[in-house]
Amino acid sequence: MNSSRFGGLLRRDGFKAIWFLTPSLVGFALFYIIPFLMGIYESFTDGSLGGTFVGFDNYKEVLNSSSFRKASANTLLFTSIGVPLLILLSLLLALLLNKSMYLRNWLRSSFILPLVVPVASIVMFWQILFDWNGTLNAWLHHFHYGRVDWMQSNGSMSIIVLMYIWKNIGYNMILFLAGLQSIPKDYYETAQIEGASRPRQLIHITLVYLTPTMFFVVLISIINSFKVFRETYLLAGDYPYDRIYMMQHYMNNMFFTLDIQKLTSAATLMVVCIIILVMGLLSIERRFRDNFE
């Protein structure tokens, strides 16, 4: 097949692909891209629908807000605690289930189960466990300890972290299992012949070849950590305990008060932070891949 004929087929296939993708692209632009760009514009005005341009005044007001700073600090704390724990536990679980063991398939299915459970059911389970009249307080009362209002205590952050890990550990485990099974077994056989111990194989083979998967899992875990609002909102309401007052709570409350300027400014700042973080992770991953090759 000559180059001109190949180029013609490529152009025809490309046109067909664009034709089939057009409905999705139009829907994505209509419901995501255009509203987001309009939100960025609103963040630089003093009012919706024809407001005057005020520059960065809205951003200064948001950054000077104690509620915004508290929400940002709590979100950062949650991500910095939840994501490393999730990565570590899901990796250990994947390493364990990657070996031949009793009830391995059943264990895999049990850890994946939270992915298909509706959010309302997940929240109901945690409410039954940590409610004032819940199971945990019933156990404490049985052993003659006082009841604890868990969602109105400093331990509320730990509950949200546990719920985040419980919900996402199965998905990360699948990704790590896929990465582990893509590592050629010849590398381990060669290392065993050369007398390498299991810890050295883990460090110099498993973790090295699992690094691209690790970057992807970290990225997905960080993005998922910003999606914990639904569970926290259903579990603790609009204005939860200070320790679990997240960025999404702040923006949700700004929406209910129709303070669109603060809402869009906070959303833009959060998106910018996520983009910078993602670009940093992708840059590190690209450098690692270039050095590895």
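The values are calculated or read from the model by the stated rules, or taken from the named source; none is laboratory data. Since the model is a prediction, treat every value here as computed from it, not as a measurement. Counting neighbours? That spans all protein chains shown, and the Cβs are built from the backbone with ideal geometry, glycine included. To get the accessible areas, we keep the full protein, side chains included, count just its heavy atoms, and leave off ligands, DNA and RNA. Shrake-Rupley method; radii C 1.70, N 1.55, O 1.52, S 1.80 Å.
Just check the range 13-87 against the gyration tensor rule for me: Cα atoms, a ≥ b ≥ c as the square roots of the eigenvalues, rounded for a/c under 1.5, and otherwise prolate or oblate depending on whether a/b exceeds b/c.
Oblate, because a/c is 1.5 or more while a/b does not exceed b/c.
Taking Rh as the Kirkwood radius computed over C-alpha pairs, what is the Stokes-Einstein D of the range 33-183 at 4 °C in a medium of viscosity 1.567 mPa s, expressed in µm² per second?
66
Calculate the FRET efficiency for residue 112 and residue 182 from the Cβ-Cβ distance with a Förster distance of 22 Å, rounded to the nearest 0.05.
Details: r = 19 Å, r/R0 = 0.88.
That gives a FRET efficiency of 0.70.
With all distinct Cα pairs included, what does the Kirkwood hydrodynamic radius of the range 63-144 come out to in Å, to one decimal, could you say? Kindly include the intermediate steps, with their values, before the conclusion.
Working: mean 1/r = 0.0606 Å⁻¹.
Taking the inverse mean of 1/r over all distinct Cα pairs, the range 63-144 comes out at 16.5 Å.
Expressed in nm to one decimal, what extension gain is obtained for the pair residue 281 and residue 121 from 0.36 nm per residue of sequence separation less their Cα-Cα distance?
54.2 nm
Give the ranking of 286, 200 by solvent-accessible surface, highest area first, calculated with a 1.4 Å probe. List each step's numbers first, then the result.
Values: 286 115, 200 135 Å².
Reading off the accessible areas and sorting them downward yields 200, 286.
Go ahead and run the numbers for FRET between residue 37 and residue 145, Cβ-Cβ distance against an R0 of 41 Å, rounding to 0.05. Walk me through the numbers before you get to the answer.
On the way: r = 54 Å, r/R0 = 1.33.
Taking R0 as 41 Å, the efficiency between residue 37 and residue 145 is 0.15.
With the cut-off at 1.5 for a/c, could you classify the chain from its C-alpha gyration tensor as rounded, prolate or oblate?
Here the chain falls in the oblate category.
Subtract the Cα-Cα distance of residue 57 and residue 92 from 0.36 nm times their separation in residues, and report this length gain in nm to one decimal.
Contour length minus the Cα-Cα distance gives 7.8 nm.
Pairs to check: 70/262; 60/227; 70/167. Give those whose C-alpha atoms are more than 18 Å from each other in this structure.
60/227; 70/167, as the Cα separations exceed 18 Å there.
List the equivalent ellipsoid semi-axes of the range 176-289 in whole Å, largest first, each obtained as the square root of 5λ for an eigenvalue λ of the Cα gyration tensor.
Numbers: eigenvalues 379, 54, 17 Å².
For the range 176-289, the semi-axes come out at 44, 16, 9 Å.
Would you rank 226, 78 by solvent-accessible area, highest first, keeping every protein chain in place and using a 1.4 Å probe?
Sorted by accessible area, descending: 226, 78.
Order 252-263, 162-173 from most to least packed using the mean count of other Cβ atoms within 10 Å. Don't skip to the answer; put the middle values down first.
Details: 252-263: 16.5, 162-173: 20.8.
So the peptides 252-263, 162-173, ranked by packing, come out 162-173, 252-263.
Rounded, prolate or oblate: which fits the range 115-209 when a ≥ b ≥ c are the square roots of the eigenvalues of the alpha-carbon gyration tensor, with rounded for a/c under 1.5 and prolate only if a/b beats b/c?
Details: a/c = 4.27, a/b = 2.57, b/c = 1.66.
Prolate, since a/c reaches 1.5 and a/b exceeds b/c.
Amide H to amide H under 5 Å from residue 45: which residues, 5+ apart in sequence or cross-chain, H placed 1.01 Å off N in plane?
54
Using only the Cα atoms of the range 190-240, construct the convex hull and provide its projected area averaged over every direction, in square nanometres to one decimal. Could you put the intermediate results ahead of the total?
Details: hull surface 21.0 nm².
Directional mean of the projected Cα hull area for the range 190-240 stands at 5.2 nm².
Considering only protein heavy atoms, what per residue accessible area in square angstrom results for the range 154-293 with a 1.4 angstrom probe? The partial results should precede the final answer.
On the way: 7510 Å² over 140 residues.
Here the per-residue accessible area is 54 Å².
Which order do 28, 130 take by accessible area at a 1.4 Å probe, largest first?
On the way: 28 110, 130 25 Å².
Most to least solvent-accessible, the answer reads 28, 130.
Give the residues of the range 44-75 whose amide nitrogen is closer than 14 Å to a point set 7 Å from the Cα of residue 226 in the direction of its Cβ.
Residues passing the 14 Å test: 72, 75.
Pull out the extension gain between residue 20 and residue 194, defined as 0.36 nm times the separation in residues minus the alpha carbon to alpha carbon distance; nm, one decimal. Walk me through the numbers on the way to the answer.
Values: separation 174, 0.36 × 174 = 62.64 nm, distance 5.36 nm.
Length gained, residue 20 through residue 194: 57.3 nm.
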